[in-house]
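Contents: one structure, followed by commentary.
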Amino acid sequence: MPFNQKPQKFNATINTVEIGCGEKAIKLGGESVFPFYTFDGPIDNAPKVGVEISDLGLGDAVPGLKEFYGDAATPAEMAKKAEAMEGADFICLRLEGGDPNGENKSVEELVAVAKEVADAVTCPLVVEGCKNVEKDADLLAKVADALQGKNVLLLSAREENYKAVGAAAGLAYNQKVGAESAVDINLAKQLNVVTTQLGVKAESIVMNVGTAAAGYGYEYVVSTMDRIKAAALSQDDAMLQMPIITPVADETWNVKESMASEDDMPEWGSKEERGIAMEIMTASADLAAGSNAVILKHPQSVATISKMIKELV
């Protein structure tokens, strides 16, 4: 008996959010089907791949990364090389040097770095804070001001600072807002609700619902993204119809499988290959679960995930 597949059609659609300007601007979301379900309907805006760079430079990065960036000495120079990376759709500048428990760079210094990077590249830019909610409230607001006209995405507005970040990015300076929650559908929805109540348009919000490295309680990530996409499409929940962006690199390059030296764990093989494998596995799983964009670090990971997306969409 022949199998007649019936397309699963939804009347709801994930919001389309545009980042960047000009020919290289990218669109996240816009689909009315589950991830990679092209047999149910078209996916006009394929998932995107970003490259993470830091204001702190390369630090103790693996040899492959150091080799790729070569003599790039500033974040702006790194951004130019990252923009040319095979498969890269956008750049994510992480201002981790602002962490009060780390380098504790001033807001003014970090804003200057963000402006230099934005002026150095033509691709869309995502700017991530230092993960200190108080510092980020001031930092991201001033970055939004300094980068007016660039249509950047600012990561992230959290429950503790969404008013400051949302008001600056989404209202005063017409940027895009990243709403960050911790792998929980209820927290994600609540943050979207209060951010839109602030006056930020739903079409200006991108969700960062969190992730974990593959193997580290990852079933929570899958179930959260699955439930968000199901509610957005099958239940037409407007407060969960924002596209999802997932910073993968920060999670995957900081687990023991990626960090343990070859001297300590010779049976595990190449440290660089382990990190790449962890990054690729996590990114592919995030995309299959519902992420509309992933942020990676290694050139091989970026090229591999970009190729996977092209073959599936």
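The values are calculated or read from the model by the stated rules, or taken from the named source; none is laboratory data. None of the values given here were measured: they were computed from a predicted structure. Using ideal geometry, Cβ is built from the backbone for each residue, glycine included, and neighbour counts are taken over all protein chains shown.
Numbers at a glance
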| read-out | value |
| --- | --- |
| Within the stretch 74-108, tally of residues that are of a type outside the set (A, V, I, L, M) and either loosely packed, with under 14 Cβ neighbours inside 10 Å or touching a Gly at 6+ places or on another chain (Cβ under 6 Å) (or both) | 11 |
| Qualifying residue in the stretch 175-198 (condition: at pLDDT below 95, over 25 Å from Pro124 (Cα atoms) and exposed (fewer than 15 other Cβ atoms within 10 Å of the Cβ)) | yes |
| From Ser291, Ser306, residue being under 17 Å from Gly29 (Cα atoms) and either at pLDDT below 95 or assigned to a loop (DSSP other than H, G, I, E, B) (or both) | Ser291 |
| Number of the exception - Val222 against (1) of a type in the set (Val, Ile, Thr); (2) touching a Ser or Thr at 6+ places or on another chain (Cβ under 8 Å); (3) closer than 30 Å to Gln8 by Cβ | (2) |
| Residue tally, condition out of contact with any Lys or Arg (no Cβ under 6 Å at 6 or more places or on another chain) and either small (Gly, Ala, Ser) or not in a helix (DSSP H, G or I) (or both), over the stretch 111-144 | 14 |
| Residues satisfying the stated conditions in the stretch 62-72, i.e. free of Cβ contacts under 8 Å to residues at least 24 places away in the same chain and either under 14 Å from the mean Cα position of the chain (by Cα) or under 19 Å from Gly275 (Cβ atoms) (or both) | Lys66, Glu67, Tyr69 |
| Test: residue in the stretch 129-136 that is out of contact with any Leu (no Cβ under 9 Å at 6 or more places or on another chain) and buried (at least 23 other Cβ atoms within 10 Å of the Cβ) | no |
| The lone exception for Ser156 - which of (1) of a type outside the set (A, V, I, L, M); (2) modelled with pLDDT of 95 or more; (3) within 27 Å of Ile309 (Cβ to Cβ) it fails | (2) |
| Total residues in the stretch 238-261, condition closer than 17 Å to Ser32 by Cβ and surrounded by fewer than 18 Cβ atoms within 10 Å (Cβ to Cβ) | 1 |
| Residue satisfying condition, being assigned to a loop (DSSP other than H, G, I, E, B), free of Cβ contacts under 8 Å to residues at least 60 places away in the same chain and on the phi > 0 side of the Ramachandran plot, within set Gly57, Gly149 | Gly57 |
| Number of positions in the stretch 30-53 that are over 17 Å from the mean Cα position of the chain (by Cα) and among the β-branched types (Val, Ile, Thr) | 3 |
| Thr196 in a strand (DSSP E or B) and either under 23 Å from Glu18 (Cβ atoms) or in contact with a Ser or Thr (Cβ under 8 Å, 6 or more places away or on another chain) (or both) | no |
| Checking Glu279 against (1) free of Cβ contacts under 8 Å to residues at least 40 places away in the same chain; (2) among the charged types (D, E, K, R); (3) surrounded by fewer than 22 Cβ atoms within 10 Å (Cβ to Cβ), the condition it does not meet | (3) |
| Hey, Thr211 in a loop (DSSP other than H, G, I, E, B) and crowded, with 23+ Cβ neighbours inside 10 Å or not | yes |
| Residues located in the stretch 92-110, provided they are farther than 13 Å from Ser54 by Cα and outside any loop (DSSP other than H, G, I, E, B) | Val107, Glu108, Glu109 |
| The stretch 1-52 - residue that is touching a residue at least 24 places away in the same chain (Cβ under 8 Å), part of a strand (DSSP E or B) and not β-branched (Val, Ile, Thr) and, of those, surrounded by the fewest Cβ atoms within 10 Å (Cβ to Cβ) | Glu18 |
| Odd one out for Ser234 among (1) surrounded by fewer than 19 Cβ atoms within 10 Å (Cβ to Cβ); (2) touching a residue at least 60 places away in the same chain (Cβ under 8 Å); (3) within 12 Å of Asn15 (Cα to Cα) | (3) |
| Selection status of Ala73, part of a loop (DSSP other than H, G, I, E, B), closer than 30 Å to Ala289 by Cβ and not acidic (Asp, Glu) | no |
